[in-house]
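S.K.: Submitted below is the structure of interest, expressed as structure tokens.
The values are calculated or read from the model by the stated rules, or taken from the named source; none is laboratory data. Because the structure is predicted, anything quoted here is derived from the model rather than measured. For neighbour counting, all protein chains shown are included, and Cβ atoms are generated from backbone atoms with ideal geometry for every residue, glycine included. Calculation scope for accessible area: heavy atoms of the full protein, side chains included, ligands and nucleic acids excluded. Shrake-Rupley method; radii C 1.70, N 1.55, O 1.52, S 1.80 Å.
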Amino acid sequence: MDEATRQVEYEQMLLSRYLHLHKSKGRRKDSTLDRSAYILLSRIRMQGPMSIGQLCDAFGLDASTLNRQTAAAVRTGLLERIPDPDGGMARKFRTTAEGEQRLDEEREGTVRSLERIMADWDDEDIAAFAAYLKRFNTDIERLDGRPWPRP
């Protein structure tokens, strides 16, 4: 393995650590979305209503895991079950107005935190970093066979 790849591995490990710490130190004190709800709501917002089967395919998780996650999101008013808009048999999940609002609040809190972290970066460096992160993620998605929808 080349030294640059080893550096990427190490920095990725640190990044995952900082993201965990970031939740309590850098974001709003009233943040209420856990990581799974944040990702689940983000995916459904981008793709539209999804069934458990579609969520399993999208995330590569088993149905029992997604049943627990969606049930929790329904109980807290973030998601609702609806008939399939395309007439299929499976019911689908869509975000509620509350889910949309809380997702927006969570995302804005994260953006504000990132702005503090990168306060001394110039716009070109931030754009380059975003482009490299997108490239890194899309290459992971390509290898995994599960692309993530993007705006």
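S.K.: Cα gyration tensor of the stretch 39-126, axes a ≥ b ≥ c as square roots of the eigenvalues: rounded (a/c below 1.5), prolate (a/b > b/c) or oblate? Don't jump to the answer; show the numbers that get you there.
M.R.: Details: a/c = 2.56, a/b = 2.21, b/c = 1.16.
Here the stretch 39-126 falls in the prolate category.
S.K.: Need the full-extension length gain, ARG35 to GLN47, defined as separation in residues times 0.36 nm minus the C-alpha distance. One decimal, nm. Intermediate results must be reported in sequence, preceding the final value.
M.R.: Numbers: separation 12, 0.36 × 12 = 4.32 nm, distance 1.84 nm.
My answer for the length gained is 2.5 nm.
S.K.: Helix 35-47 against the longest principal axis of the chain: what's the angle in degrees, Cα atoms only, rounded to the nearest 10?
M.R.: The angle comes out near 70 degrees.
S.K.: Right, next: Kindly express, to the nearest 10 degrees and within the range 0 to 90, the angle between helix 123-144's C-alpha long axis and the longest C-alpha principal axis of the chain.
M.R.: Taking Cα atoms only, the helix is inclined about 50 degrees.
S.K.: Leaving ligands, DNA and RNA out of it, report the carbon-plus-sulfur percent of the accessible area of the chain at a 1.4 Å probe. Please list the in-between numbers first.
M.R.: Numbers: 5770 of 10500 Å².
Here carbon and sulfur together make up 55 percent of the probe-accessible area.
S.K.: Cα axis of helix 63-75 to longest principal axis of the chain: angle in degrees, 0 to 90, nearest 10?
M.R.: It is inclined by approximately 80 degrees.
S.K.: So if R0 is 41 Å, what FRET efficiency would LEU14 and ASP86 give, r being the distance between their Cβ atoms, rounded to the nearest 0.05? Numbers along the way, then the final one.
M.R.: Values: r = 44 Å, r/R0 = 1.07.
The value I calculate is 0.40.
S.K.: Per 0.36 nm of contour for each residue apart, how much would the distance between TRP148 and VAL74 grow if the chain were fully extended, relative to their Cα-Cα spacing?
M.R.: Gain on stretching TRP148 to VAL74: 24.4 nm.
S.K.: If you don't mind, another one. Apply the Debye scattering formula to the chain, with a single equal point scatterer on each alpha-carbon and no solvent, then give log10 I(q)/I(0) at q = 0.09, 0.20 Å⁻¹.
M.R.: Reported log10 I(q)/I(0), two decimals: -0.36, -1.42.
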